[in-house]
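Report on the structure given below.
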Amino acid sequence: MNFHVITLFPEVIDAYAGASILGRAQSSKKITIKSYQLRDFVTNKWGKADERPYGGGPGMVLQAEPFVRAVEKLRKKNPKAKVLITAAGGTPLTNAYAKKLTKQKDVIILCGRYEGIDARVKKILKAEEVSVGPYILTGGELPALTIIDTTARQIPGVLGKFESLEEGRVASHEIYTRPEIFEHKGKKYRVPKVLLSGNHAQMDAWKEGSRSKPE
């Protein structure tokens with residue numbers, strides 16, 4: 001599976017994508033992650049990719065032309081490549097959505113900045129807006145990486161052992177490791193006895209119960 005990210009800050013994408021699990025997944029050719037500098041697709045001599053919004057507003061808007069030119073170039077290799085735009089009001093990103101996304105060979109993610117992307121980009125490219133949460137970030141790079149990370153781990157082999165996928169096994173938000181007793185400022189904090197019992201049925205029941213506890 002191939003991820004293509006069009007952004008003003010490709011170094012943000014490259015730093016995270018080259019490390020840890022995503023880095024290993026690329027080395028083993030399970031996935032590829034490529035970033036593209038939006039300014040490389042502008043046609044003006046200043047390398048300017050943004051302009052003031054029609055109707056007024058406090059910030060700048062990323063222009064349609066460089067995004068359209070970039071996607072059209074990428075789609076020459078795969079006309080069916082799916083295009084996503086990071087947007088707070090888009091389709092919520094879930095594990096189910098990510099799993100469905102793995103059926104795509106190529107996914108192109110457009111990262112917004114400032115006040116966003118010219119609305120004509122979505123219409124021209126028939127792009128889908130995706131949200132990683134009901135909040136506003138300064139740019140689309142973190143959402144793009146979240147989409148990639150969430151999707152990549154659904155691909156068999158990316159996590160090393162596919163059974164490591166949390167949603168495919170009994171897991172808890174409350175986890176412990178050695179030592180059995182951790183002392184801090186005179187107080188002893190112990191691992192729950194059930195996790196030391198060796199009784200897997202009881203341990204699974206405890207994990208299910210702790211997972212459902214309110215925060």
Tally, over segment 137-155, of residues that are farther than 17 Å from Ala96 by Cβ and either modelled with pLDDT under 85 or touching a helix residue (DSSP H, G or I) at 6+ places or on another chain (Cβ under 6 Å) (or both): 2
From Lys187, Lys207, residue being at pLDDT below 90 and either within 30 Å of Gly59 (Cα to Cα) or not assigned by TED's automatic domain parsing to the domain that holds Lys34 (or both): Lys207
Restricting segment 14-69 to residues that are among the β-branched types (Val, Ile, Thr) and in contact with a strand residue (DSSP E or B) (Cβ under 8 Å, 6 or more places away or on another chain), the residue that is farthest from Ile109 (Cα to Cα): Val61
Any helices (runs of 4 or more DSSP H) falling wholly within segment 27-138 and containing at least 1 residues that are over 18 Å from the mean Cα position of the chain (by Cα) and surrounded by 16 or more Cβ atoms within 10 Å (Cβ to Cβ): 64-74, 120-125
Inter-residue pairs, beta-carbon under 9 Å, first farther than 10 Å from Ile6 by Cβ and in segment 49-78, second of a type in the set (Lys, Arg) and part of a loop (DSSP other than H, G, I, E, B), 6+ apart: Gly59/Arg52; Met60/Arg52; Val61/Arg52; Gln63/Lys48; Asn78/Lys105
Odd one out for Thr86 among (1) without any contact (Cβ under 8 Å) to a residue 24 or more places away in the chain; (2) hydroxyl-bearing (Ser, Thr, Tyr); (3) within 22 Å of Ser131 (Cβ to Cβ): (1)
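The values are calculated or read from the model by the stated rules, or taken from the named source; none is laboratory data. Since the model is a prediction, treat every value here as computed from it, not as a measurement. Glycine also receives a Cβ, built like all others from the backbone with ideal geometry; neighbour counts cover every protein chain displayed.
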